[in-house]
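Trainee: Dumping the structure here so I can ask a few things about it.
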Amino acid sequence: MTDPPFSFNLWHAPWIRVVTADGEVCELSIHACLARAHELRALHDPSPLVVAGVHRLLAAILQAIYQPTDLDALEGILATGQFDNGLLDAFAAQHAGRFDLFHPTTPFLQTGDVPLDGWRKPERGRKNDWGDPKAVSALFNEVPGATNRTHFHHVTDEGHQVCPACCARGLLTIAAFASSGGPGIRPSINGVPPIYVLPVGRSLFEGLTLSLVAADYLPAAADRGRADIAGWNGSEAVARGRQVSAVGYIESLTFPARRMRLYPKAAAGRCTQCDAATSVAVSEMLFEMGHWLNEGVGVWDDPFAAFREPGGKNKVEGRVPVRPQEGKALWREYGGLLLAEREEQLRPRVVRQLGMLVDRDVFDPSQAVQVRCISIRTDGKAKFFEWLDEALEAPPALLADPVGATYVEDALRWSGEAEREMGFVFDRHFRPKRRLGERINQKVVRYKMLRARMLATYWERMAPAFRALTFAMAVPEARDDALRGWADTLVRTGRRVFDEASGQVGERADALRAQVEAQAHCAAQLSNKQKEWLHE
């Protein structure tokens, strides 16, 4: 290898973007981030996928260091107010060497059986034992590369030049967000990426501590015999397309779903991802199928994911993770993500822990418990549409109250029924008639656009009222009145939004007559629903 050796050790080199208590954004190493976590407000990155990936890495490191056996252990960590520097140093003495991105044989989160100059073409008549290099853009879902979104954003793969810090951030998104990508390319351990629910504290220290998983809340599918295996002490090589039947919990947080190897080169210029000046850059990498979980293991019950029982004609055995859905606001999943379990749904294990900690008076009852929800919406295959990054909060008492959860579920069910009534009436009065085989015309396009906009506006306007409702539900004596007020708000908002949408149908006499009839019909349907909800 003619290029000089390179080194970028994530334990010592700054690369994690954080927000300090003063609101300043800076970059820290893993050690500095954990040692100063009590002084930091939160992780920060333009890509929420990176935030989730870094959060899971830090949680994995802390899980290995503290190995909490029960909720008492978690309370003990919280009581110290900061992570133990002695424990961090002991961990570093044993494992820090495995966090080097460009180590010749043990590169972090990569396979060590491919040389650093694997990008070089072999001599004539010979073949590499590894695959052809790909553009480093494969690490970033939001960056166009190969055929991804080139119809809308034209770039050349050769133009990508990424600094080591951005490479590290991209590597950490793979375990959580790798999806299917063509024949033989399988998703990561959680399948199609679910919604990851990450606890948020008053400081990064609190958020990470609340992300530790006590023994009783570990995934049921986790292999106890591999409890100590992690990305920094496991195999030095990642096999191509390997099926695995046993995975430990810490190991799952950095699951090697792709077989990767970064090919660094000396460079003089700026990173095309973050625009920082860099003397070392990566343009190409090995990127192919890595490990995948045997279907016989069942669904991996990741502690940061919620699950529900699938329904409908295609119902299969076992629960499936809650995933983003097009046009569905996150707060509509509030019950499944945060509230007490019901027969058809399970909230994330870390949230169940939060509910148990509420009973131990760990939280200030006047302060909301917050979580950050991050995901990416795909077609279940190779297409990535949008990412999700939203916050949810709940009064502590509601997390541990199954009766309050039932009230909230009723409120959500009513809101869905109101939406269906609005859609039904809109279809009844405004859907253009089409003959069999007739092409979609502009009337149909306009109708669909108005209908979709109407329903999206309805959910958008109900969001603030729902937040107020959840906090009212924390007071048992206020629940009935709050639920009655919610019904009034649903009907009032639904009628107003419907009237606005129907008013855009047209100004001809037939359109005006349809508007009047439709608005009266919608008002009657919603009024009937309200009586049904309140048993009047």
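Trainee: Determine which residues of segment 389-421 fall in the zone a paramagnetic label at Val19 would reach in this model, i.e. backbone nitrogen under 17 Å from the point 7 Å along Cα→Cβ.
Mentor: From segment 389-421, the list is 389-393.
Trainee: If you restrict to DSSP beta bridges whose two residues both lie in the chain, what percentage is antiparallel, to the nearest 5? Show your work: numbers first, answer last.
Mentor: Details: 44 of 47 bridges.
Restricted to the chain, the bridges split so that about 95 percent are antiparallel.
Trainee: For segment 42-59 and segment 467-497, what is the separation of their Cα centres, given in Å?
Mentor: Their Cα centres are 35 Å away from one another.
Trainee: Over the chain, what number does the Rg to Rh ratio reach, with both radii from the alpha-carbon atoms and Rh per Kirkwood?
Mentor: Value, to two decimals: 1.01.
Trainee: Further question: Starting from the Cα of Glu477, step 7 Å along the direction of its Cβ; do the same at Ala524; then give the gap between the two resulting points in nm.
Mentor: Roughly 4.3 nm, to one decimal.
Trainee: Between Cys26 and Arg467, what length comes free when the chain is fully extended (0.36 nm per residue of separation minus the Cα-Cα distance, one decimal in nm)?
Mentor: That pair, Cys26 and Arg467, stretches by 155.5 nm at full extension.
Trainee: Would you grab the residues whose amide H sits under 5 Å from the one on Ala239? Only those 5+ places off in sequence or on another chain, please, with H modelled 1.01 Å from N.
Mentor: Under 5 Å from the amide H of Ala239 lies no amide H from a residue far enough along the sequence or on another chain.
Trainee: Under 18 Å from the 7 Å Cα→Cβ point of Thr105, by amide nitrogen: which residues of segment 222-242?
Mentor: 232-239
Trainee: Just subtract the alpha-carbon distance of Glu507 and Ala329 from 0.36 nm times their residue separation and send over the number in nm, one decimal.
Mentor: Stretched out fully, the Glu507 to Ala329 stretch lengthens by 60.9 nm.
Trainee: How much FRET efficiency would the formula 1/(1 + (r/R0)^6) give for Glu500 and Arg413, where r is the Cβ-Cβ distance and R0 is 22 Å, rounded to 0.05?
Mentor: Working: r = 25 Å, r/R0 = 1.12.
Approximately 0.35, to the nearest 0.05.
Trainee: Which of Gln82, Ala215, Val297 sits farthest toward the positive end of the charge dipole of the chain, with +1 on the Cβ of Lys and Arg and -1 on the Cβ of Asp and Glu?
Mentor: With unit charges placed on the Cβ atoms, the residue in question is Val297.
Trainee: Let me ask something additional. Provide the convex hull volume over Cα atoms per residue for segment 439-536, in Å³.
Mentor: Per residue, the Cα convex hull of segment 439-536 comes to 103 Å³.
Trainee: Helix 164-177 against the longest principal axis of the chain: what's the angle in degrees, Cα atoms only, rounded to the nearest 10?
Mentor: 50 degrees
Trainee: To the nearest 500 deg cm²/dmol, what mean residue ellipticity at 222 nm is calculated for the chain from DSSP H runs of n ≥ 4 alone, each contributing -39,500 (n - 2.57), summed and divided by the residues?
Mentor: So the calculated ellipticity at 222 nm is -12000 deg cm²/dmol.
Trainee: Next question, about the same structure. Helix 509-533 versus the longest principal axis of the chain: what is the Cα-based angle in degrees, 0 to 90, to the nearest 10?
Mentor: Compared with the principal axis, the helix lies near 80 degrees.
Trainee: Let me ask something else. Using modelled amide H (1.01 Å from N, peptide plane; none on Pro or chain starts), what sits under 5 Å from the amide H of Arg258, excluding residues fewer than 5 places away?
Mentor: The answer is Gly290, His291.
Trainee: Figure the gain on full extension for Arg360 and Ala239 (residue separation times 0.36 nm, minus the Cα-Cα span) and round it to one decimal in nm.
Mentor: Numbers: separation 121, 0.36 × 121 = 43.56 nm, distance 4.52 nm.
Gain on extension, Arg360 to Ala239, equals 39.0 nm.
Trainee: Let me see the pair-distance distribution of segment 318-430: every alpha carbon pair, 5 Å bin width, integer percents in order.
Mentor: Answer for segment 318-430: a P(r) of 2, 10, 17, 19, 18, 14, 10, 5, 3, 1, 0, 0 percent.
Trainee: Further question on the same structure: Run the accessible area of segment 471-536 with a 1.4 Å probe and give the carbon-and-sulfur part as a rounded percent.
Mentor: Details: 1770 of 3670 Å².
In segment 471-536, the share of accessible area belonging to carbon and sulfur is 48 percent.
Trainee: Right, next: How do Arg258, Arg240 rank by accessible surface area computed with a 1.4 Å probe, from largest to smallest?
Mentor: So, going from the largest accessible area down, we get Arg240, Arg258.
Trainee: If one takes the longest principal axis of the Cα atoms in the chain, at what angle in degrees, from 0 to 90 and to the nearest 10, does the Cα axis of helix 85-95 lie?
Mentor: 60 degrees
Trainee: Sticking with this one: If you take the beta carbon distance between His535 and Ala456 as r and set R0 to 35 Å, what does 1/(1 + (r/R0)^6) give as a FRET efficiency, to the nearest 0.05?
Mentor: It comes out at approximately 0.70.
Trainee: On to the next question. Just how large is the dipole of the chain about the Cα centre, in debye to the nearest 20, putting +1 at every Lys and Arg Cβ and -1 at every Asp and Glu Cβ?
Mentor: In total the dipole reaches around 2580 debye.
Trainee: Roll a 1.4 Å probe over the protein chains and send me the accessible area per residue for the chain in Å². Don't skip to the end; give the middle numbers.
Mentor: Details: 25260 Å² over 536 residues.
Solvent-accessible surface per residue comes out at 47 Å².
Trainee: Which pairs in the list Lys328/Lys443; Lys381/Lys433; Lys265/Lys383; Lys134/Lys383; Lys381/Lys443 are over 29 Å apart, alpha-carbon to alpha-carbon?
Mentor: Over 29 Å Cα-Cα: Lys381/Lys433; Lys265/Lys383; Lys381/Lys443.
The values are calculated or read from the model by the stated rules, or taken from the named source; none is laboratory data. Since we're looking at a predicted model, the values are computed, not measured. Note that each Cβ is placed from the backbone with ideal geometry, even for glycine, and that neighbours are counted across all protein chains shown. Just so you know, the surface numbers come from the protein's heavy atoms only, side chains and all, with ligands and any DNA or RNA stripped out. Shrake-Rupley method; radii C 1.70, N 1.55, O 1.52, S 1.80 Å.
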